[in-house]
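The values are calculated or read from the model by the stated rules, or taken from the named source; none is laboratory data. For clarity, every value in this text was computed on a predicted model and none was experimentally measured. Every residue, glycine as well, gets a Cβ built from its backbone with ideal geometry; the counts of neighbours run over all protein chains shown. Keep in mind that these areas ignore ligands, DNA and RNA; they rest on the heavy atoms of the full protein, side chains included. Shrake-Rupley method; radii C 1.70, N 1.55, O 1.52, S 1.80 Å.
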Amino acid sequence: MSKTIIISNRLPVQLQISNGGITATPSVGGLATGMKSVHSGGDSLWIGWSGLTDEDIPEELIPDIDKALAKHGSSKVQLTKKEVDGFYYGFSNRTIWPLFHYFLEYSEFELFSWETYQSVNQKFADAILEHAEDDDVIWVHDYQLMLVPQMVREKRPNVSIGFFLHIPFPSFEIFRTLPWRSEILLGLLGADLIGFHTYDYERHFLSSVRRLLGLEVSFNDIFMGDREIKVDSFPMGIDYKKFHEAAIEHTQRNEKEKSELQKRLDTHKASTPDAKFFLSIDRLDYTKGIAKRLNAFEYFLNKYPEYKEKVRLIILAVPSRSNVPQYQLLKKEVDELVGRINGEHSTVSWTPIWYFYRSMPFDNLIDLYTTCDIAWLTPIRDGMNLVAKEYVATRTDQTGVLILSEMAGSANEMNESLLINPNNFEQIADTLYKAINMPKKEQQNRNKLLQQRLERYNVEKWANDFMNSLLNQKQRDLTYVSRKLSVDIMNTIMKDYNRAKKRLLFLDYDGTLAGFHNDPQQAGPDEQLYALLDEISAQEGTEMYLISGRDKETFTKWFLPKGYNMIVEHGVWISQGGEEFRMLENVKNDWMEKIRPVLESFVDRTPGSFVEEKNYSLAWHYRQTDPDFGQKRSVELNTVLTSLIANDDLSVLNGNKVMEIKSSNVNKGRASMRVFADADYDFVFAIGDDWTDEFMFQELPESTVTVKVGRQKTHARYFVDGTKSVRDILARFVDKI
Ligand code: GDG
């Protein structure tokens, strides 16, 4: 039976060594809760680091640890202190974390950390490989393990792998500064499905894949060799029920049942009934904007002094990564700021900031959420920010105001909150003012909508959506596999080929017989190709046509001396058996005067693009332009041309990084049909890679063996993956393999 393997840096259980024994207790984090529906029963395994290094664990306790973890469906990856330093505190938290959160100046590029990151990722991958079967589903989590998908894929090509990134994926301009950027992308592309919290992160990732690896991307699919990788956004939710129900239970508690914290909060509320509590909860991390928030608070007190003694900021800063120097500096900065602001603004009966530097039990977290009037969460950059969602979930009477940074992923789904730019103190001060004075009805209207959404798209739904999408991806892959020109299909084709008396072959050139070059003139045939084509064209009973959009001058130079049959410029010219080209279609080219200047203006505005002028068509090539920009310009050009040629008998062909304008009655389908009609063929074959070849696939008779090079949508019956496979087919035709 297939199983699910979840893999993350930390396990969903916490280990304690006490009295010479080991205990493992489930952790309460969002991820662990969210994955409950996926990680349940006996058919799932969670692999991760136990949180203890080799040096922490006495050898005799290792079997006990394994047993304790196994009870929770978990298995550990064991790391030494040095590995944790290089992999976790080093590359993960001093390189990737700051870089992906746009703190470029904090990012360290150290070879030792990178090498440790690689070797530790390999350890995680090996741990998966030890347990994985071909039909298993593997879900890898987060930035610490970005190389794992490819490492597993290498050894288990058929297994289904998903990857989810919990932090932002930065824009290409930031990502490109990473010395190991391609390795990271290739590592991730081992997955079948790559998930992000928001569409923006997804779009940044696709842009880096296109620009750095030059891979073909269509909507949210990446084509790499014979694989298709799906990229999508899945905004992570919370365990809504857990927070909401805990809040209901809190509101029903009598005095005796209340926590100490709750009692203190109640006392303060009672002493100044119109006072407002602002709440800020984060890990103490520079991305969370805690220091900025403190400064903004002071700005607010100065701008609206009437609120002195009427507001209080409660800051819960949870200790985090305190081995990393920037976190130590931040701690110092926040300590000093709190001290200074309290020192300058406190009165005998009022301390503006209550500062907790610790982690609190869940119960106290709910006390804070339910008591505070305003949640003020203003990260400078945050993948999602679950605290914002948790605060809203606990507002049982739907009062309370959420002030949220635009830079948090959750801002995309929480439009009803008050969104602010964490760098704009003026806006923040005014928003705090607005929040304090927001009518109860308005608070409730906003929270009602937010709660409905959070309840519906909860963390369980998030996990299930991701898993379903991963399974669908696998299914989609299988559909492709069934149409791939497999060995068995090729054997059947060869039987028909050998049996046939009169064969007709149409072979497209660029992207089919030969690969692409930046300069089309450089993409001439190599010796191996000539040898293959010589043999096919000399084969008895076979008529071979090279069929291309190229100009006749180039093909005259390359192939006329060989005597191959050729159709060029999409069907304007034909040459048979080494004769000079003659016109197959009667076409005009007087329209070029009108279109050429338009294309030239696009060349001027699109660096790297150029116009190729053929006898009866004009082509605008954009292979060498920035991929995103080129794509955008091609859409623009298409719009301009469509209106310009409306009254001419012209059409625009969107090829592979080329747009060609030509007479409408010329295309490869019409040309190949004219040849086909000349004789009685009993085997017809057509192969090509782009849009212009689709005319052949559609117009030639149904019995034609049509083959598409690449995995894009096509009318062809089969597909193969690249020019190497095309040449293998041709070699079979002449019995060479
Ligand atoms: C990363 C991304 C993304 C906090 N303090 C206490 C406590 N918490 C809990 C909260 C919440 C969680 O920790 C924090 O989650 P966030 O989403 O706010 O932030 P990160 O830890 O940075 O998480 C983030 C997330 O991954 C998920 O993909 O949203 O953008 O950075 O659940 O309740 N829990 C308890 N005591 C505390 O003192 N018990």
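Alpha carbon centre of the range 212-250 versus the range 153-185: separation in Å? Using only Cα atoms to place each centre, the spacing works out to 14 Å.
Counting only alpha carbon atoms, the long axis of helix 325-345 and the longest principal axis of the chain meet at about 40°. Amide H contacts for GLU543 (H built 1.01 Å from N in the peptide plane; partners 5 or more residues away or on another chain; cut-off under 5 Å): ARG503, LEU504, LEU505.
Residues whose amide H lies under 5 Å from that of ARG283, counting only those 5 or more places away or on a different chain, are VAL318; hydrogens are built 1.01 Å from N in the peptide plane.
The figure for GLU390 is an accessible area of roughly 30 square angstrom, using a 1.4 Å probe on the protein chains alone. Please list, by residue number, every one of the trypsin sites (Lys or Arg not before Pro) in the range 73-149 that is coil in DSSP and has at most 16 other beta-carbon atoms within 10 Å. Taking the range 73-149 and a limit of 16 other Cβ atoms within 10 Å, no loop trypsin sites (Lys or Arg not before Pro) are found.
3J(HN,Hα) along the range 303-310, derived from phi through the Karplus expression 6.51 cos²θ - 1.76 cosθ + 1.60 where θ = phi - 60°, amounts to 6, 10, x, 5, 8, 4, 6, 10 Hz, with x in place of Gly and Pro. Enter the angle in degrees (range 0 to 90, nearest 10) between the Cα long axis of helix 425-436 and the first principal axis of the Cα atoms of the chain, meaning the one along which they spread out most. Around 60 degrees separate the two axes. With just the Cα atoms defining each centre, how far is the range 56-84 from the range 335-391? Give it in Å. When both Cα centres are located, 36 Å separates them. For the chain, the share of DSSP beta bridges that are antiparallel, to the nearest 5, is 30%.
With all protein chains kept in place, the per residue accessible area of the chain amounts to 42 square angstrom at a probe of 1.4 angstrom. In this structure the amide hydrogen of ASP136, modeled in the peptide plane, comes within under 5 Å of the amide hydrogens of LYS3, SER160, none closer than 5 places in sequence on its chain. Phi angles across the range 279-290 convert, under the Karplus curve 6.51 cos²θ - 1.76 cosθ + 1.60 with θ = phi - 60°, into 3J(HN,Hα) values of 10, 9, 10, 7, 5, 6, 9, 4, 6, 7, x, 5 Hz, Gly and Pro given as x. Ligands, DNA and RNA left out, the 1.4 Å accessible surface of the chain is 49% carbon and sulfur atoms. Qualifying trypsin sites (Lys or Arg not before Pro) in the range 293-374, where qualification requires a DSSP coil assignment and no more than 12 other C-beta atoms within 10 Å, comprise ARG358. Shape analysis of the range 240-456 places it in the rounded category; the axes a ≥ b ≥ c from the Cα gyration tensor give an a/c below 1.5. Backbone phi angles across the range 125-139, fed through the Karplus curve with coefficients 6.51, -1.76 and 1.60 (θ = phi - 60°), yield HN-Hα couplings of 4, 4, 5, 5, 4, 4, 10, 7, 10, 4, 9, 6, 10, 10, 10 Hz in residue order; Gly and Pro are listed as x. Beta bridges from DSSP with both residues in the range 4-233: antiparallel share about 35 percent, rounded to the nearest 5. Within the range 572-656, the trypsin sites (Lys or Arg not before Pro) that combine a DSSP coil assignment with at most 14 other C-beta atoms in a 10 angstrom radius are LYS588. Normalised by the number of residues in the chain, the average gap of Cα pairs under 8 Å and 6 or more apart makes the relative contact order 9 percent.
Among ARG210, ARG670, ARG456, the order of accessible area from largest down is ARG456, ARG670, ARG210, computed with a 1.4 Å probe on protein heavy atoms. Relative to the first principal axis of the alpha-carbon coordinates of the chain, what is the inclination of helix 527-538, with its axis defined by its Cα atoms, in degrees from 0 to 90 and to the nearest 10? Between helix and principal axis, roughly 50 degrees.
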